[in-house]
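Structure, as structure tokens:
Read-outs: derived from the displayed coordinates by stated rules, not from any lab. Just so it is clear, the model here is predicted, and its values are computed rather than measured. Backbone-built Cβ (ideal geometry, glycine too); neighbour counts: all protein chains shown.
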Amino acid sequence: MTINSAPTARRVAVLVGSLRADSLNRKVAELLRDQAPEGVVIDIVDGLADLPFYEETLDAEATPAAAVALRDRVAAADALLAITPEYNGTMPAVLNNAIDWLSRPYGAGAIVAKPFGVLGTTPTPFGGKWAHEDAQRSARIAGAAVVDGAVVSQSVLEIDPLTDVDAIERFHGVVNALLAFEPAAA
Ligand SMILES: Cc1cc2nc3c(=O)[nH]c(=O)nc-3n(C[C@H](O)[C@H](O)[C@H](O)COP(=O)(O)O)c2cc1C
């Protein structure tokens, strides 16, 4: 057993908002996974394409296996990180749908109280900031503990996010902020 699979490891579940095989955002997720420090597991949760669109009756009568698996993976994590591009000024539907599944049962979904952050890249000057703002708002309404500053919207017009040292440091900074998060005392 490697140290990163030790039971004491801190886990960050990652939802990738692009289904594209050659997705740059997926590659950023894989880079963070491969560069995770000792004792930290970056768990890229696959299978988002297998989730049906959220539907309450379906969830009540026969929660799909893909949704059960998603909920289990996120419930087992210490924090949740979305790594996503922007589609038409907001987050891709696949990510929005995953957040919907994680938001139920109401008040007890796997996302509830989970430290949440978001980062991503797009080939525009804004780096997907509207998608990232919307993901934060949606996660907050779903019950997540959206962590201040745990967001990076990285334009890739001028840099390669897989090799740019400053960008990679900012990405790691989001993971670090999630793992350092402590809820405010009641
Ligand atoms: C349907 C669609 C809508 C898009 N809308 C936006 C947008 O609103 N803002 C933006 O910055 N990029 C937009 N893009 C460009 C994506 O950010 C770009 O294709 C990105 O590289 C996709 O990420 P990926 O490499 O992880 O698949 C859009 C792309 C698609 C396919």
More than 29 angstrom apart: percent of Cα pairs within the chain = 17
Karplus-derived 3J(HN,Hα), 6.51/-1.76/1.60, for each residue of the stretch 164-171, Hz, glycine and proline x | 6, 4, 5, 5, 4, 5, 5, 4
Residue-count net charge about I159 - beta-carbon cut-off 15 Å; Lys, Arg +1, Asp, Glu -1 = -3
Please list, in chain and number order, the residues 5+ apart from V41 or on another chain whose amide H is under 5 Å from its amide H, with Hs placed from the backbone.
-> R10, R11, V12
Local charge sum around P64 (other residues, Cβ-Cβ under 11 Å, Lys/Arg +1, Asp/Glu -1)?
-> -3
Which cross-chain or sequence-distant (5 or more) residues have an amide H under 5 Å from the amide H of T84, H modelled 1.01 Å from N in plane?
-> G17, L119, G120, T121
Expressed as a rounded percentage, what relative contact order does the chain have, with Cα pairs under 8 Å and six or more residues apart?
-> 21
Near T124, within a Cβ-to-Cβ distance under 15 Å, what is the net charge of the other residues, with Lys and Arg +1 and Asp and Glu -1?
-> -2
